[in-house]
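**Student:** The structure's right below; bear with me while I get my questions together.
The values are calculated or read from the model by the stated rules, or taken from the named source; none is laboratory data. These numbers come from a predicted model, not from an experiment. Here the Cβ positions follow ideal geometry from the backbone for every residue, glycine too, while neighbour counts run over all protein chains shown.
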Amino acid sequence: MTVSKTIKIIGPAYPYRGGLASYNERLAKEFLTQGHQVSIETFTLQYPNLLFPGKTQYVDGPEPDHLSIQRTVNSINPVNWLSVGKRIKKEKPDILMIRYWLPFMAPALGSICRLVRSNKHTKVICLADNIIPHEKRPGDQLLTNYFMNSIDGMVAMSQSVLDDIDQFHDGLPRALCSHPLYDNYGPKTDILEAKSLLGLDRDTNYLLFFGFIREYKGLDLLLKAFADKRLKNYPVKLIVAGEFYTKPEPYLELIKKLQLTDRVILRTEFIAEKHVTRYFGACDIVVQPYKSATQSGVTQIGYHFEKPMLVTNVGGLAEIIPHNVIGYVTEPNELEIADALVDFYANNRKSTFEVNIKEEKKKFSWENMVKAFMQVAENIPTKA
C-alpha cells in the first residue's frame, strides 16, 4: 500500500512554456494519481529578458486542470530565496523535488534547498536534466558545486548524468529512470490529415527536426547530410520546427549554399502544444543530430507518437533508441546520418520500425519515475 507523501515541486510550470514546464506538470499529475499530495512552485521571474534567447517565456493557453501552481520564486533576488526557503521549511513537506537544468539557477535553488532541509524532516531530491551543461560558461563548476551540496538525493534520466554526480557529491543517494513518454500532447494525427493541416504536399515524405534550435543540437550536420545527392532520388523534404535560440543566419546561409531552399521547410517559431501532434503526424522519421546531449524530451514525444527516430551517439540518447530496431544511432557526422536516412527510404524501414516502437515504448512510464523518487527518498538517512 502506498504511503501518501506531501511533495513540493520547484521548477518551471504554467504560465511558463516549454518541455520542462510540461514535464513538471505531467509528473505532478502522476504523483497525484499515485495518492500523494502535490503542489508546484514556479517562478515570478525565471530568466531576465536580457538572458532569454526566445521571443517569450510564456505559454498562450489555460492553466492545467487539477494542479496547484503558485508563482513564488525569483531567480535573481536573494531576499526572495530567503523568504521562500523559510516558508517551505516551516511547511515541512516530506519531499522537495527540485528541477535542475542550468547553473544560472544554482544560487536561487541551492539557497532555498539549504534552508528547507535544515528542518530535519524534508528530503530534498533533485531531478537533473544536466549537471554539466551543453553550453559551458565560466563559473559553471562553482555554481553546480554549490547546488549539489544542498540536496539529499538525485534522480537522473541518463547514465551520463548519473556518472557526473560523483564529480560533485560522492555517495549521494541516486536512481536512474529514463525520461517518461510525453503523453500529454494528445492522440496521433493521421499522416494525410497532418500534412493537410500544415499545408504540406500529401505525396511528399518528410523528415522532422523538432525543438529549440541551439548549436549543440546539430542542425548544421543534418542540413549537410540532407544535401547528400543520394537523398535527392526520393520525394523527401526536411521540416525544421522550433524557435531559434541562436543566431539563425549561419543556418539560413548554409541552406542557400547547399541549394536546399526548395527542400527545407522552416517553421521556426515556438510550436504550441496543441500543434505538436501535427508535426509528428506528418513526418516519417524524427532526426536528432545532436553534437552533445544527456537525454532529450523530443525522443519521448517521438515514442508517444510511435515515430522512427535517428539519434547520434552522444550522452544518453543511444541508451533509449535500439539501433536498427526502432531507428538509428549514428556518430555525429553528416555521412553517417545520410547513410542512415538513405537506408530508411531505400529499404522501406518505416513500417517495421513503427511496429517495434509499440513494444519498446512500454518501458517509459511515469509510474516508474515516481517509483524512482520514492526509492531515493527511502535511501536518504533519517535526519537527526
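**Student:** Just to verify a result, which residue in segment 266-289, among those that are closer than 23 Å to Leu102 by Cβ and crowded, with 23+ Cβ neighbours inside 10 Å, is nearest to the chain's Cα centre (by Cα)?
**Tutor:** Gln288
**Student:** Taking the criterion of being without any contact (Cβ under 8 Å) to a residue 12 or more places away in the chain, more than 17 Å from Val236 (Cβ to Cβ) and within 21 Å of the chain's Cα centre (by Cα), would at least one residue in segment 300-322 satisfy it?
**Tutor:** Yes, segment 300-322 contains at least one residue that is without any contact (Cβ under 8 Å) to a residue 12 or more places away in the chain, more than 17 Å from Val236 (Cβ to Cβ) and within 21 Å of the chain's Cα centre (by Cα).
**Student:** Which members of segment 62-86 meet the condition of being surrounded by 11 or more Cβ atoms within 10 Å (Cβ to Cβ), out of contact with any helix residue (DSSP H, G or I) (no Cβ under 7 Å at 6 or more places or on another chain) and closer than 27 Å to Arg26 by Cα?
**Tutor:** Glu63, Ser68, Ile69, Gln70, Arg71, Ile76, Asn80
**Student:** Taking segment 89-106, which residues are in contact with a Leu (Cβ under 7 Å, 6 or more places away or on another chain) and under 27 Å from Gly297 (Cβ atoms)?
**Tutor:** Answer for segment 89-106, where residues must be in contact with a Leu (Cβ under 7 Å, 6 or more places away or on another chain) and under 27 Å from Gly297 (Cβ atoms): Met97, Ile98, Arg99, Tyr100, Trp101, Pro103, Ala106.
**Student:** Among the residues of segment 356-379, is any without any contact (Cβ under 8 Å) to a residue 12 or more places away in the chain and closer than 24 Å to Pro187 by Cβ?
**Tutor:** Yes - at least one qualifying residue is present in segment 356-379.
**Student:** Given the criteria buried (at least 21 other Cβ atoms within 10 Å of the Cβ), outside any loop (DSSP other than H, G, I, E, B), in contact (Cβ under 8 Å) with a residue 60 or more places away in the chain and not assigned by TED's automatic domain parsing to the domain that holds Gly297, does Leu20 qualify? Full working, then the answer.
**Tutor:** Values: buried (at least 21 other Cβ atoms within 10 Å of the Cβ): no; outside any loop (DSSP other than H, G, I, E, B): yes; in contact (Cβ under 8 Å) with a residue 60 or more places away in the chain: yes; not assigned by TED's automatic domain parsing to the domain that holds Gly297: yes.
So Leu20 fails the test.
**Student:** Let me ask another. Hey, among the residues in segment 101-140 that are modelled with pLDDT under 90 and β-branched (Val, Ile, Thr), which one's nearest to Val79 (Cα to Cα)?
**Tutor:** Taking the candidates together, the pick is Ile131.
**Student:** Here is a further query. The conditions are (1) more than 22 Å from the chain's Cα centre (by Cα); (2) closer than 25 Å to Ile165 by Cβ; (3) part of a loop (DSSP other than H, G, I, E, B); (4) of a type in the set (A, V, I, L, M, F, W, C), and Ile76 fails exactly one of them. Which is it?
**Tutor:** Here Ile76 clears every test but (2).
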